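Worksheet: one structure, shown below.
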Amino acid sequence: MSSFWNKLANRKPQPAPPPAPVNVAPVDIASVAQPVIPSGSPSIPARPEAGPSEWQAPVLPNIANGPDDLLVPAVARPRRGWRERLSDSGFARGLSALFARNPALSDELLDELEITLLSADVGVTATSELIEDLRRRLHKREFADAAALREALRARLAALLEPVAQPLDPRGHKPFVLLVVGVNGVGKTTTIGKLAKRFTLENHTVLLAAGDTFRAAAVAQLQEWGSRLGVPVCAQGQGADSASVIFDALQMAVAHGKDILIADTAGRLHTRSGLMDELAKVRRVLGKLDAEAPHEVLMVIDGTTGQNAINQVRQFIDAIGVTGLAVTKLDGTAKGGVVFALAREFALPIRYVGLGERAEDLRVFDARAFVDGLLPAGG
């Protein structure tokens with residue numbers, strides 16, 4: 001048996017026979033029936049025969065195709081309302097969750113509401129006053145159900161904000177000197193750019209002063225805003241004296257008959273007394289040209305800061321005298337309750353709120369629209 005396998009292993013394979021030739025007759029293409037495509041079937045449109053310079057890629061409606069798209073939308077689209085912008089805030093989500101289950105009227109409900117307000121940075125003082133008023137009315141049986149209590153809360157929140165909803169009116173002086181202050185990272189320079197666009201659309205002539213000579217690229221950032229908006233910028237190099245820059249800008253604004261001068265300042269920690277003293281110097285220097293300047297000291301507050309904003313405002317009031325507030329970054333995950341805490345603690349006018357990144361998202365503060373965005377009626 002073994003010899004058989006040895007022979008089989010040593011046997012060479014036989015070559016395969018060559019394939020038989022196949023005669024293929026030529027086919028007349030014209031005689032072949034073409035498939036019939038129904039008229040209603042979809043088809044792929046042919047690309048137009050245009051030269052390379054004539055064809056352009058389509059503009060996508062929701063994508064910035066260039067830096068100027070941050071200022072002017074590529075296509076017209078409706079502006080998102082207050083409710084859409086504020087619905088994701090911690091305040092709005094907390095109140096919505098509390099009233100969504102249609103709770104029974106009780107002191108326990110008010111306790112839950114108190115926790116929700118405190119968690120949303122409304123502050124101890126404002127929260128205590130709101131809850132005590134609602135508790136007193138609850139015990140007097142003024143509310144038929146949780147929906148009635150909800151409406152009473154909406155009215156109390158709006159009443160807290162209405163006295164501070166005071167728009168900025170720059171028409172009283174020429175030039176109107178607007179000094180923008182705040183701590184690092186709150187969005188002062190961006191807010192200045194948005195204000196400049198708003199004022200130019202209102203037919204005011206604007207001059208910007210690059211007074212933030214400390215932060216790297218701050219001057220270049222403001223100059224970029226000025227270039228996009230066609231607004232002149234008075235600037236010196238990094239490290240220059242901020243008061244000197246703003247003083248020169250005021251002289252330029254007077255000489256050229258500008259309506260509004262918006263001055264940027266370096267972001268500073270409210271705990272650094274030396275840096276805060278520089279703001280007082282700016283006020284003194286401006287007073288040499290105009291005893292009433294600056295006519296508005298607008299402090300920019302980051303809406304995500306929480307109760308720390310109270311300490312910031314208090315320190316800036318002591319240093320330079322804040323006359324108005326702009327609360328930014330209220331869209332997204334900001335809690336939003338800090339606006340009520342600021343209104344209760346300082347009663348300073350809230351001029352603007354930032355509800356997005358585009359220039360038009362800097363809105364004049366509207367108390368009822370703000371409350372409706374956080375706690376919609378009957379929602």
- Name the pairs: first residue in region 344-356 and touching a residue at least 40 places away in the same chain (Cβ under 8 Å) and among the charged types (D, E, K, R), second residue outside any loop (DSSP other than H, G, I, E, B) and open to solvent by 20 Å² or more (accessible area, probe 1.4 Å), Cβ to Cβ under 8 Å, at least 6 apart or on different chains? Arg344/Thr125; Arg344/Glu129; Arg344/Leu160; Glu345/Thr125; Arg351/Val364
- Item | Subset tally (residues that are part of a loop (DSSP other than H, G, I, E, B) and modelled with pLDDT under 90) for region 293-334 | 12
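If I filter region 335-353 down to residues being assigned to a loop (DSSP other than H, G, I, E, B) and out of contact with any Leu (no Cβ under 9 Å at 6 or more places or on another chain), which single residue comes out as nearest to Asp169 (Cα to Cα)? If you could, list the steps in order and put the result at the bottom.
Within region 335-353, the first condition is being assigned to a loop (DSSP other than H, G, I, E, B), and the residues that meet it are 335-337, 347-349.
Now drop any that are not out of contact with any Leu (no Cβ under 9 Å at 6 or more places or on another chain), which leaves 335, 347.
Details: Lys335: 29, Ala347: 18 Å.
Among them, the one singled out is Ala347.
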- Query: So which residues in region 319-363 are crowded, with 19+ Cβ neighbours inside 10 Å and of a type in the set (Ser, Thr, Tyr), if there are any at all?
  - Reply: Thr328, Tyr352
- Query: So which residues in region 169-189 are farther than 13 Å from Asp259 by Cβ and either acidic (Asp, Glu) or touching a helix residue (DSSP H, G or I) at 6+ places or on another chain (Cβ under 8 Å) (or both), if there are any at all?
  - Reply: Leu179, Val180, Val181, Gly182, Val183, Thr189
- Message: Restricting to region 364-373, name every residue that is open to solvent by 10 Å² or more (accessible area, probe 1.4 Å) and not in a loop (DSSP other than H, G, I, E, B).
- Response: Val364, Arg368, Ala369, Asp372
- Which numbered condition trips up Arg268, out of (1) among the charged types (D, E, K, R); (2) more than 21 Å from Ala216 (Cα to Cα); (3) at pLDDT below 85? (2)
- Message: Out of everything in region 112-153 that is among the aliphatic types (A, V, I, L, M) and free of Cβ contacts under 8 Å to residues at least 12 places away in the same chain, what residue ends up being surrounded by the most Cβ atoms within 10 Å (Cβ to Cβ)?
- Response: Leu118
- Item | Which numbered condition Ile260 misses (of (1) touching a strand residue (DSSP E or B) at 6+ places or on another chain (Cβ under 8 Å); (2) among the β-branched types (Val, Ile, Thr); (3) open to solvent by 50 Å² or more (accessible area, probe 1.4 Å)) | (3)
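Can you tell me which residue among Arg171, Arg154, Arg198 is among the charged types (D, E, K, R), more than 30 Å from Phe247 (Cα to Cα) and part of a helix (DSSP H, G or I)?
None of the other options fit; the residue is Arg154.
Assess whether Ala210 counts as being within 21 Å of Leu286 (Cβ to Cβ), touching a helix residue (DSSP H, G or I) at 6+ places or on another chain (Cβ under 7 Å), surrounded by fewer than 23 Cβ atoms within 10 Å (Cβ to Cβ) and among the small types (Gly, Ala, Ser). Write out each step before concluding.
Working: within 21 Å of Leu286 (Cβ to Cβ): yes; touching a helix residue (DSSP H, G or I) at 6+ places or on another chain (Cβ under 7 Å): yes; surrounded by fewer than 23 Cβ atoms within 10 Å (Cβ to Cβ): no; among the small types (Gly, Ala, Ser): yes.
When the stated conditions are applied, Ala210 does not pass them.
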- Message: For the structure I just gave you, tell me whether Phe199 is of a type in the set (Phe, Trp, Tyr) and open to solvent by 10 Å² or more (accessible area, probe 1.4 Å).
- Response: no
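Within region 201-219, count every residue that is part of a helix (DSSP H, G or I) and on the phi > 0 side of the Ramachandran plot. So that I can check it myself, show each step before the final result.
At the first step, the residues of region 201-219 found to be part of a helix (DSSP H, G or I) are 201, 218-219.
So of that shortlist, the ones also on the phi > 0 side of the Ramachandran plot come out as none.
Residues in region 201-219 being part of a helix (DSSP H, G or I) and on the phi > 0 side of the Ramachandran plot: 0 in total.
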- Scanning region 220-239 residue by residue, those in a loop (DSSP other than H, G, I, E, B), of a type in the set (Gly, Ala, Ser) and open to solvent by 60 Å² or more (accessible area, probe 1.4 Å) turn out to be Gly230, Gly239
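The values are calculated or read from the model by the stated rules, or taken from the named source; none is laboratory data. All values derive from a computational prediction rather than experimental measurement. Ideal geometry is used to build each Cβ from the backbone, glycine not excepted, and the neighbour counts take in all protein chains shown. Remember, those area values only see protein heavy atoms, side chains included, never the ligands or the DNA or RNA. Shrake-Rupley method; radii C 1.70, N 1.55, O 1.52, S 1.80 Å.
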